[in-house]
Structures are given as structure tokens and as C-alpha cells.
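Please treat every number below as a calculation from the coordinates, not as lab data. What you see is a predicted model, and the numbers here were worked out from it, not measured in a lab. A quick note on method: Cβ atoms are made from the backbone with ideal geometry, for glycine too, and the neighbour counts reach across all protein chains shown.
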Amino acid sequence: MTKETILITGAGGQIGSVLSTTLRQAYGANAVLATDIRSAELGEGPFELLDVLNGNRLHELVKRYRVTQIYHLAAILSARGEQNPKIAWDINMNSLFNVLDVAKEHQLKVFFPSSIAAFGPNTPKQNTPQDTITQPSTVYGISKAAGENWCQYYHLKYGLDVRSVRFPGIIGYQSLPGGGTTDYAVDIYHKAALGDSFTCFLEPDTRLPMLYMDDAIQGVLQLMNAPAETLTVRTSYNLAGISFTPAEIAGEIQQHVPGFSINYQPDFRQVIADSWPQSIDDQIARRDWEWKPKFDLSLMTQDMLSHLQEMYLAEMLKH
Ligand code: NAD
């Protein structure tokens, strides 16, 4: 077996910080090089500052650390992307080209997270199929839809082993979200754990697909370790976990925090949410690499609240 050395871009972010820890547990702390444009506390193991728009620096790090795999997480997410569309496009696309090009040159395996944002208002909203209309209406979605196709292009044209999933909204206690439209579903648990009320930027009945962080990370590892010949999708695999509305998650939280209250002040993110699917058909991922999430809304709520309540209690005791 070849010894793997993994480089993660955007390792300081919501998903990257958890993925770095898990990959370090699996491959050894020194086998995982965490990088980000800003410094980050990610525990034991190497860290380098890297702006992925700097292709020369990426090349230099790949050579110096003898990298064999890149997990390319750096991106500008949906809500932040709408504030400055051209910058989001530049970062999301050109960082991907830099990763694909260095991977092509050194024959590296690549993971690229796409998103349900690659779909759009004309996509069937219920049980969205793997192959369907992708006419996204956000710059983030346009960059993910294009990115998926570029991944497939590098696979077909250059034989690059690039693998991808379309993540729904990711919910975890370990880290804070970075400017997406599903961020509310993380923030709501923090407010509940602190005993505060929550103001939601989406309407009560806005149903969106979500996935618990633990399932998301396991899914990435499963996909990256699957035999190449079992993979039939080289754009990006649909991935589903749990679909719920703000009113439903609030109701679930109230089972554990009886006085918890929510009010609604929809903003520009409502329009983004309305353009996305409500539930996703992920049977191809289930078939090809045995994808199977474990957490439903009830299990996720118990796990989120117990970890966050413990965390806030420990912080209080420190002061
Ligand atoms: P995040 O915003 O929390 O983290 C992104 C990280 O990228 C940040 O630490 C940021 O500093 C870094 N970054 C930004 N520009 C950079 C640059 N030029 N060079 C290097 N680093 C840079 O995002 P996340 O939630 O962890 O998402 C990770 C990936 O997963 C992204 O590609 C995102 O599109 C995708 N995704 C996330 C979700 C979700 O719900 N979090 C859903 C679907 C897809």
C-alpha cells in the first residue's frame, strides 16, 4: 500500500477543521497537511498558510510534503458569494483549476465538495434525482455546477481520480458555519444550548436537505476509499441526510429545552433557499459506495445539544 500524504485546503473552515482531525486520526497527524488562507488552531500536525489562488505556492507545498491526495475545501459559500459575485467566482473557480492542474501533473487523488446549490429553481424539488436540470441562480451554485463538470472533464481527458459529493447543509457542534444559507440550523442549537431565543432568517416552513457532520465526514472517507471501478459518477454524487423546516427543528429542540422560542425575520437568504431542492435522491451513492447516513432529526438534536451544553458549561466554569 502506498503511504498517503493529504493536503487539505480551507482546513480552518466548518467542515475542514473536523475533516482534518478525522483524517489525522486515520492516517497519522504528520500525514495530513492542513492549509488555509488564515491561521487556524487544528491540533497536532503540520499547518501551512496557503491562498489557493497562488498556484506556485500550492505546487511548492505538494512537492515539499510529497502530497498524494488533495481535499479541496476552500470556497466562498452561498450567502457570502451573493455579496460579491465576481470575487466568489474568481476564488471558487481558479482555486479549483489550480488544484486540478497540480493533481494532473503529480497524479494526485482529489476530493471536491459540490453542493445542492448546483441545482436551481427549475430542478424538481422533491427527491431531486442524480441527473437533472442544473440551472443554479446563485454565483456559488454556478461555480459548483461548473466545478463538477470540470472535475469530470479532468477525469475523462486526463484520467484524474477526482471524486465529489453534493453536500446538503452540514450541521455540527465542532465548528461554526462560514456564510451559507443553511447556517441557521447550526446557530439555532447554539442559542438553545445557551438558553436564548432564536431569530431565524428563513420562513418557518422552508424545507431544506441537511446532513449531520459525523455522517458527512464518514461519507467523504467512504467515497475516497472506494475502489475506483465502483464509481459511476465523476461529476458529483447526490447525498441526502435529513430534510426539515425551521419550525420542525425548533419543535424538536423544545422536546429537550422546553422554554425555547423562535421568531422569524426572513432576509435575502430566503430567496436562495427557495431556489434549492427540499429532498434529495441519493440512491446512486448508496449503490456505488454503500453510503448510509446514521443520524435523523431526533438523534442529531440529542447529540448537538448534549455536546454544546457541555461545551458552554465548561466555558462558564473556566471564568
Ligand atoms: P467555510 O467557509 O467554513 O470554510 C472555508 C475555508 O476556506 C475558510 O477557512 C476560509 O478561510 C478558506 N478560504 C477562503 N478563501 C481561500 C483561499 N483563497 N485560499 C485558501 N483558503 C481559503 O466552508 P465549509 O462550510 O467548511 O465548506 C467547505 C467546502 O464544502 C466548501 O467548498 C463548500 O462549498 C462545501 N459545502 C459546504 C456546505 C456546508 O453546509 N458547510 C454545504 C455544501 C458544500
Once each part is reduced to its C-alpha centroid, what is the distance from region 11-80 to region 216-243 in angstrom?
20
Using the Karplus curve 6.51 cos²θ - 1.76 cosθ + 1.60 with θ = phi - 60°, work out ³J(HN,Hα) for each residue of region 224-237 in order, rounded to whole Hz, and write x for Gly and Pro.
5, 9, 5, x, 4, 6, 7, 8, 10, 10, 10, 7, 7, 6
Proximal lysines relative to K86, as straight alpha-carbon distance under 24 Å, when same-chain residues fewer than 8 apart are discounted
K144
Taking N as the number of residues in region 161-291, what value does Rg over Cα atoms divided by 2.2 N^0.38 Å take?
1.16
Cα extents of region 36-86 along the three principal axes, largest first (Å)
37, 26, 17
For region 98-172, calculate the relative contact order in percent as a whole number, restricting contacts to Cα pairs under 8 Å that are 6 or more residues apart.
40
Set the bar at 25 Å for Cα to Cα. Now go through K63/K292; K109/K294; K125/K294 and name every pair that lies beyond it.
K63/K292; K109/K294
Taking every DSSP bridge whose two residues both lie in the chain, the antiparallel percent to the nearest 5 is 10
Which Cα, out of G12, P246, A79, lies furthest along the positive dipole direction of the chain (beta carbon charges, K/R +1, D/E -1)?
G12
Which lysines, on any chain, are close to K318 with Cα under 30 Å apart, when same-chain ones fewer than 8 places away are left out?
K191
GluC sites (Glu not before Pro) within region 32-107: which are DSSP loop residues with at most 15 other Cβ atoms inside 10 Å?
E41, E44
For the chain, count all C-alpha to C-alpha pairs, find those more than 35 Å apart, and express that count as a whole percent of the total.
18
Ranked by Cβ crowding within 10 angstrom, fewest neighbours first, how are T206, T301 ordered?
T206, T301
Which loop-located GluC sites (Glu not before Pro) does region 259-319 contain, where loop means any DSSP state but H, G, I, E or B and the Cβ has at most 15 other Cβ atoms within 10 Å?
E290
Nearest-20 debye value, the chain charge dipole, Cβ charges on Lys, Arg, Asp, Glu:
860
Give me log10 I(q)/I(0) at q = 0.13 Å⁻¹ for region 223-319, Debye formula, one equal scatterer per alpha-carbon, no solvent.
-0.73
Here P(r) for region 120-181, Cα-Cα distances in 10 Å bins, as whole percents, is 17, 42, 33, 9, 0
